[in-house]
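Inspection log for the structure reproduced underneath, given as structure tokens.
The values are calculated or read from the model by the stated rules, or taken from the named source; none is laboratory data. Source: prediction; values computed, not measured. Please note: Cβ atoms are built from the backbone with ideal geometry, for glycine as well, and neighbour counts cover all protein chains shown. To get the accessible areas, we keep the full protein, side chains included, count just its heavy atoms, and leave off ligands, DNA and RNA. Shrake-Rupley method; radii C 1.70, N 1.55, O 1.52, S 1.80 Å.
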Amino acid sequence: MKPSREISGDGRFVRQPNRFTDRLGPPEPGRYRLYASYACPWAHRVLIVRRLLGLEDLLDVTIVDPIRDEKGWRIPGGDPEYLSELYHATDPGYTGRYTVPCIWDTHEKRLVTNDFPQITLDLEMSWGTSPDLYPERLRPDIEIMNDRLYHGLNNAVYEAGFARDQQAYEEAVARVFTTLDHLEVRLAESAYLFDTLTDSDVRLYTTLARFDTVYYPHFKCMVRRLTDYPALWAYARRLHAIPAFGETTDFDHIKRHYFMTQTGINPSRIVPVGPELDWSV
């Protein structure tokens, strides 16, 4: 599958806007359910934050099948069978892609949000306080960093991978490696992006975890590998050693989703063997 509706006339990938952007209410056990995929970096962020903040009893989770077809994400053994049914139950006229993460309100029977940049911030500000992943003293700097990560790396790898024009592809790749080069210098002198673990580290990690396995070969981000950056590679492994990061990182789901679902890039649907990476610290 390919996001053909998100390709502009000049061959650039332009991500669709998030349709559901209501804010989460106060935590209430049993009310909200997170639909997530281990394969999706945007959903992976929420899984990490949920675990870091100890919100497992407050936010139920359903993991969708990693292989997405024409009907969208399938809910294994679920009722409904497809995530699209929740989208249409909330907005019968919805015509966009059915994305994860999204949060369903079991009381009001509607999707509250699929606004992935805001979901983690809502959890960090209103649902959990320890560790403080969005400290007030750092919020302006975190917002600047998050914006740079999104445009220079998190979304730029998709702009490279789905580009249908050589110039668009090369511009996206240049942003990816300019950003990685900058982060390598920054992390050579610091354990985290700031002086403590923050929301920005979560956002960076989910892209780094997928970089050598899928973004390097599949999205043609092939200037350098993550493992060619000593500081970034050490940083990624330090985070992976934290259970909230490592135990929510499923390379089988990641590989099968990208290589078997995105047939516009990989029409054979063959899932490659490797790479053999040692994520232990």
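Numbers below:
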| read-out | value |
| --- | --- |
| Amide H contacts under 5 Å for L277, placed H, 5+ residues apart | none |
| DSSP-assigned coil residues among GluC sites (Glu not before Pro) in the stretch 1-94, each with at most 16 further Cβ atoms within 10 Å | E56, E70, E81 |
| Cut-off under 5 Å, modelled amide H: who pairs with Y82 long-range | I75 |
| Surrounding net charge for V281, when Lys and Arg each add one and Asp and Glu each subtract one, Cβ distance under 13 Å | +1 |
| Most fluctuating residue given options L123, L52, L138, as computed from a GNM of the chain linking Cα atoms under 10 Å | L138 |
| Under 5 Å, built H, 5+ apart or other chain: amide partners of T62 | L34, Y35, A36 |
| Whole-Hz couplings from phi, Karplus 6.51/-1.76/1.60, listed for the stretch 49-64; x for Gly and Pro | 5, 4, 6, 4, 8, x, 9, 4, 7, 9, 10, 5, 9, 10, 9, 7 |
| Accessible surface of the chain [probe 1.4 Å, protein heavy atoms]: carbon and sulfur percent | 49 percent |
| Listed residues I75, I270, I67, most fluctuating in the chain (Gaussian network, C-alpha, under 10 Å) | I270 |
| Cα pair count fraction exceeding 17 Å, expressed as % - the stretch 136-242 | 50 percent |
| Sparsely packed GluC sites (Glu not before Pro) within the stretch 160-258, loop by DSSP, other Cβ within 10 Å at most 11 | E189 |
| Per-residue HN-Hα couplings for the stretch 261-274 [Karplus 6.51, -1.76, 1.60; θ = phi - 60°; Hz; x = Gly/Pro] | 9, 8, 6, x, 9, 10, x, 6, 6, 6, 8, x, 7, x |
| Table column - 3J(HN,Hα) (Hz), the stretch 164-175, Karplus curve with 6.51, -1.76, 1.60, x for Gly and Pro | 10, 8, 4, 5, 4, 4, 5, 5, 5, 4, 4, 5 |
| Solvent-accessible area per residue, Å², over the chain with all protein chains present [probe radius 1.4 Å] | 44 Å² |
| Anchor K255: aspartates and glutamates whose Cα lies under 18 Å away (excluding residues fewer than 8 positions away in-chain) | D65, D69, D212, E247, E276, D278 |
| Rg [Å, one decimal], Dmax [Å, integer] - the chain, C-alpha atoms | 18.2, 51 |
